[in-house]
1. How big is D for segment 1-50, in µm² s⁻¹ as a whole number, if Stokes-Einstein is applied with the Kirkwood radius of its Cα pairs at 20 °C and 1.002 mPa s?
2. So for the pair residue 41, residue 66, with labels modelled 7 Å out along Cα→Cβ, what separation do we get in nm?
3. Output ³J(HN,Hα) for segment 35-44: one whole-Hz value per residue in order, computed from phi by the Karplus curve 6.51 cos²θ - 1.76 cosθ + 1.60 with θ = phi - 60°, and x for Gly and Pro.
4. Lysine pairs in the chain with alpha-carbon atoms under 18 Å apart, 8 or more places apart or on different chains: how many are there?
5. For the chain, what number results from the quotient of the Cα radius of gyration and 2.2 N^0.38 Å?
6. In whole Hz, with x marking every Gly and Pro, tabulate ³J(HN,Hα) for segment 54-61 from phi via Karplus 6.51 cos²θ - 1.76 cosθ + 1.60, θ = phi - 60°.
Amino acid sequence: MTFQFDSWQAFWDMGGYGFYVWLAFGVSFIAVLLVVYESIWAKKQLIKAVNAQIARKKRIKQNKQKKAAESADKESHSRSENKGELS
């Protein structure tokens, strides 16, 4: 396997187009890094939003159970008062 360029300087120069070649590589590399970063950030935000939604649903369910228990207590309390009036 032979090296295509005579020297490292020729490699970096890329036949006079080195600035454009390496600029394109640099911009592409930065774009890929930004996509990876944005993906990780979006995943964290999604997990945070899902956890908040789960917690909200849990609070709503607990509140409904609490209200149902309170209304059942009021109903049983009013029944016991009505039984006392009837006797």
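Each value in this text was obtained by applying a stated rule to the coordinates, not by laboratory testing. Since we're looking at a predicted model, the values are computed, not measured. Neighbour counts are summed over all protein chains in view; Cβ atoms, including those assigned to glycine, are modelled from backbone coordinates with ideal geometry.
1. Roughly 157 µm²/s, to the nearest whole number.
2. 3.7 nm
3. Result, ordered by residue: 5, 5, 4, 5, 5, 5, 4, 5, 4, 4 Hz.
4. Within the chain, the lysine pair count is 9.
5. 2.93
6. Listing the rounded values in order: 5, 5, 5, 4, 5, 5, 4, 4 Hz.
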